[in-house]
1. Looking at (1) more than 20 Å from LYS66 (Cβ to Cβ); (2) surrounded by 10 or more Cβ atoms within 10 Å (Cβ to Cβ); (3) of a type in the set (Lys, Arg), which is the only condition ARG79 fails?
2. Considering LEU132, LEU118, which residue is in contact with a helix residue (DSSP H, G or I) (Cβ under 7 Å, 6 or more places away or on another chain), at pLDDT below 80 and not in a helix (DSSP H, G or I)?
3. When you go through ALA52, ALA37 one by one, which is the residue that is among the small types (Gly, Ala, Ser) and under 20 Å from the mean Cα position of the chain (by Cα)?
4. From (1) surrounded by 12 or more Cβ atoms within 10 Å (Cβ to Cβ); (2) part of a helix (DSSP H, G or I), pick out the condition that doesn't hold for GLY34.
5. Condition check: farther than 21 Å from HIS22 by Cβ and out of contact with any Pro (no Cβ under 9 Å at 6 or more places or on another chain). Does LYS126 satisfy that?
Amino acid sequence: MGKFSKLGFILATLGSSIGLGHIWRFPYMVGHNGGSAFVLLYLVLTLSLGIAMLLVEMLIGNLGKKDVVSNYQILDPKRKKYYPFTSFFILGGPLILSFYAVVLGWVLYYLFVVTFDLPKDLEQAKMQFSML
């Protein structure tokens with residue numbers, strides 16, 4: 001296994017924690033829930049809960065030095081019947097990637113429509129962009 005940089009780790013952590021949903025939905029949530037008061041509360045809760053969960057996950061992985069299933073076996077050896085279900089965590093990555101593939105398709109369609117098929121008037125624009 002190669003050597004990983006701190007910057008690569010930080011970028012991977014940010015990418016998995018922020019996600020596309022937060023970036024697209026955040027302006028709507030701010031406008032709908034009160035502006036700056038919502039932003040302040042959102043940042044406090046996200047940082048306090050997110051940092052705590054990230055630290056726990058990193059500690060389990062770092063101290064266990066094994067995969068997800070093996071670390072759960074070390075943490076709770078009494079519940080052996082539930083160990084096969086921990087393999088479902090591995091399915092999370094492909095499921096998330098399939099979601100991003102659909103979103104990328106929407107983005108490419110939108111870029112194609114905006115680039116090559118611009119509407120000539122307001123009515124045509126409403127009709128064209130109502131399908132997106």
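1. Unmet condition: (1).
2. So the residue among LEU132, LEU118 that is in contact with a helix residue (DSSP H, G or I) (Cβ under 7 Å, 6 or more places away or on another chain), at pLDDT below 80 and not in a helix (DSSP H, G or I) is LEU132.
3. ALA52
4. (2)
5. no
Yes/no per residue for (1) without any contact (Cβ under 8 Å) to a residue 60 or more places away in the chain; (2) assigned to a helix (DSSP H, G or I); (3) small (Gly, Ala, Ser); (4) surrounded by 12 or more Cβ atoms within 10 Å (Cβ to Cβ):
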{"residue": "ILE10", "(1), (2), (3), (4)": "yes, yes, no, no"}
{"residue": "GLY15", "(1), (2), (3), (4)": "yes, yes, yes, no"}
{"residue": "PHE26", "(1), (2), (3), (4)": "yes, yes, no, yes"}
{"residue": "VAL30", "(1), (2), (3), (4)": "yes, yes, no, yes"}
{"residue": "LEU45", "(1), (2), (3), (4)": "yes, yes, no, no"}
{"residue": "SER48", "(1), (2), (3), (4)": "yes, yes, yes, no"}
{"residue": "LEU59", "(1), (2), (3), (4)": "yes, yes, no, no"}
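The values are calculated or read from the model by the stated rules, or taken from the named source; none is laboratory data. Worth saying up front: this structure is predicted, and the values here are computed from it rather than measured. Quick reminder, even Gly has a Cβ in these numbers, built from the backbone with ideal geometry, and neighbours come from all protein chains shown.
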